Each structure stands twice: as C-alpha cells, then as structure tokens.
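Step one of this worksheet: look at the structure below.
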Amino acid sequence: MKTRKTARLPTFATGACRSAHGMLWDVALADLSEGGCRIADARGRLRTGELVRLFIAGTGPHMARVAWQDS
C-alpha cells in the first residue's frame with residue numbers, strides 16, 4: 001500500500017474544470033492536499049491520465065493530471 005507524501009485536508013468546495021479540448025464544467029472538490037485533490041465529477045467526463053485545468057475558489061488555473069477514477 002502506498003503512503004501519501006502529504007496529509008489530506010477534508011474540504012468541501014466547488015470549482016470548475018477545463019479539459020485539454022476546452023470543455024468547462026463545474027465540479028465538487030474534496031480532500032485537498034499539497035499534491036492533489038479529490039473531484040466529484042458527476043457527469044463522468046474525466047479520464048485517467050487526462051490533463052486538466054482546475055479553478056478553485058477564485059484561483060487558477062491549476063494544472064493537474066487525473067491520477068485515478070472510482071467508477
């Protein structure tokens with residue numbers, strides 16, 4: 001089992017995600033850490049390995065790569 005480099009902080013916020021193809025949609029964010037976050041993508045648009053830009057609480061874009069999915 002892998003251990004995390006930084007602790008997750010329980011967070012409940014909304015933001016937006018923009019795909020490499022330019023699509024923009026709202027997402028819910030949770031469990032922020034220095035190295036990432038968990039995103040609830042209700043429409044299932046994110047794919048493992050995809051590069052995205054995240055906009056959180058008026059900040060961004062934050063470049064990110066989708067590391068995994070829970071289907």
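The values are calculated or read from the model by the stated rules, or taken from the named source; none is laboratory data. What you see is a predicted model, and the numbers here were worked out from it, not measured in a lab. We work out accessible area using only protein heavy atoms, side chains counted, and drop any ligands, DNA or RNA first. Shrake-Rupley method; radii C 1.70, N 1.55, O 1.52, S 1.80 Å.
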- request: Mind listing just one residue for me: the one in the stretch 17-54 that is closer than 19 Å to A7 by Cα, in a strand (DSSP E or B) and not hydrophobic (A, V, I, L, M, F, W, C) and, of those, most open to solvent (accessible area, probe 1.4 Å)?
  value: R38
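Please find, among L24, L29, the residue that is modelled with pLDDT of 85 or more and within 15 Å of A57 (Cα to Cα).
Only one candidate passes the filter, namely L29.
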field: Boolean, T11 is modelled with pLDDT under 85, open to solvent by 90 Å² or more (accessible area, probe 1.4 Å) and of a type in the set (S, T, Y)
entry: no
query: Counting just the residues of the stretch 55-68 that are modelled with pLDDT under 90 and within 11 Å of the chain's Cα centre (by Cα), which one comes out most open to solvent (accessible area, probe 1.4 Å)?
result: W68
- request: Looking only at the stretch 22-71, count how many residues are at positive phi and among the aliphatic types (A, V, I, L, M).
  value: 1
